[in-house]
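Let me begin by presenting the structure, written as structure tokens, before commenting on it.
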Amino acid sequence: MQLTLLPLRAAGNGMPENLIGISASSYFLGFILGCLLISRMIARVGHIRGFAVLTALTASVLLCLEMLDHWALWLVLRFITGFAMSGLYAVIESWLNSRSTPATRGRILAIYTFITLSAMAAGQVLINVGPVESSTPFSLAVLFLTLAIVPICLTSKIAPTPIEPTSVGFRLLYRRSHSAFAGAILSGLVTGSFWSLGAVFSRHYSESLVDVTWFMSMAIIGGALLQYPIGWLSDRIDRRTVLILLCIGGAISALAVSASTGKNWHLAMVFLFGAMVMPIYAISLATAADVAVGDEFVVMGTSVLMLNALGAALAPVPLGQLMAIFGPPALFLSFAVTCVLFALLLLVLSRTPRTVSIEEQSPFTAAASDVAPASFELDPRAAEPDGSAEGGGVTRSHAGQ
């Protein structure tokens, strides 16, 4: 709810698009810092108290955002929200990982991903409980957050061991797979900016808040429903080809979204846009898994996640400025140009022969970018302690592009 609600509230408060983009960047910067530092806090106070503290912090910040409208305060508060949200994800994922076995990891991760994507889509609709200018949507978001403390604090299960510090290896990921590296950045640039500014774009052409929430929901639903079919295709052909096709589809659908505002087929184009760009993260992660050696997957997966978050932090600032200068259509026109440029880059990279055959590719696993690095320990493609890769991962002496 908050990812869409806050840009709408900022626009309602008269905040220009460039400042809305900067505030969104603050959120993702906080998310990145949380991924890097939150393990130390959890190690000191434990999972249950850590979850309670972070939930209370997030709820308090959301209430402050509802009461305040000064842009400088919004930057600080959104940064804190991103930091705390990454910690909440980390607690959940590390707990799931501690309760899973090699035989159940894949199912648990699939259910977790399904719940995350479903809740994200439902959250868009729930914004309609009241006008964004009122406190009602904020109160409902805070209500859900605080209720999440109840099952955590009442659990009779033993809390898991402390979270391992996050390890990032951008150089390793780049050396193993230029395509996964580029795809992770592209995913952040496009999907991160969509979360940050998509609702603002839709609000310019919508007659009601319901239209805006359906706009956001259709993109999420498109990405969720098409992720498995696209993943199935990527298991049978070179994943670099799939990434190129997604970039081309993303460019075409972005142009269609911009051109279809006010028309009956607008939401269909938004659905198609989500179906094309949102699976890029999961395909990039699968590309990295294909070339991970031994127990490298967790580090490489974390690098994919962090590059995605970095792209999401960087892109809203210039795109918000472009929207302020040239109007709302600049957002999806920028998406189209970005997708075309990355399609050309990936096309050049695909000319390099891959050392991984299609038969050696790891089985695709659905993934959402709104997670913490702890989720990669839950992924069945992660190597077991003895160095074997359960769930289809393969060990190689070197990797391709």
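Laid out as a table, the results:
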read-out	value
Mean Cβ neighbour count within 10 Å, used as a protection proxy, ranking 164-172, 365-373, 105-113, 151-159 highest first	365-373, 105-113, 164-172, 151-159
Full-extension gain in nm, residue 232 to residue 129, via 0.36 nm per residue minus C-alpha separation	33.3 nm
Matching label, P(r) over Cα pairs in 20 Å bins from 0, in percent computed from the structure shown, candidates (1) 27, 57, 16, 0; (2) 29, 59, 12; (3) 21, 44, 30, 5, 0	(2)
Rg [Å, one decimal], Dmax [Å, integer] - the stretch 173-268, C-alpha atoms	15.3, 49
For the stretch 251-368: Kirkwood Rh in Å [reciprocal of mean 1/r, alpha carbons]	16.4 Å
Theoretical gain in end-to-end length, residue 358 to residue 60 [0.36 nm per residue, Cα-Cα removed]	102.3 nm
Evaluated at q = 0.17 Å⁻¹: base-10 log I(q)/I(0), Debye formula over Cα of the stretch 1-103	-0.76
Theoretical FRET efficiency, 1/(1+(r/R0)^6), r = Cβ-Cβ of residue 33 and residue 347, R0 25 Å, to 0.05	0.10
Difference of contour (0.36 nm per residue) and Cα-Cα distance, residue 43 to residue 115	23.3 nm
The stretch 149-221: Rg to Rh, with Rh as the Kirkwood radius over Cα pairs	1.20
Burial ranking of peptide ranges 133-142, 261-270 (average Cβ count within 10 Å, highest at the top)	133-142, 261-270
Highest-first arrangement of 289-300, 345-356, 32-43, 177-188, where packing means the average Cβ count within 10 Å	177-188, 289-300, 32-43, 345-356
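Read-outs throughout are calculated quantities, based only on the coordinates presented, and are distinct from any laboratory measurement. Model, not experiment: these values are computed from the prediction. Using ideal geometry, Cβ is built from the backbone for each residue, glycine included, and neighbour counts are taken over all protein chains shown.
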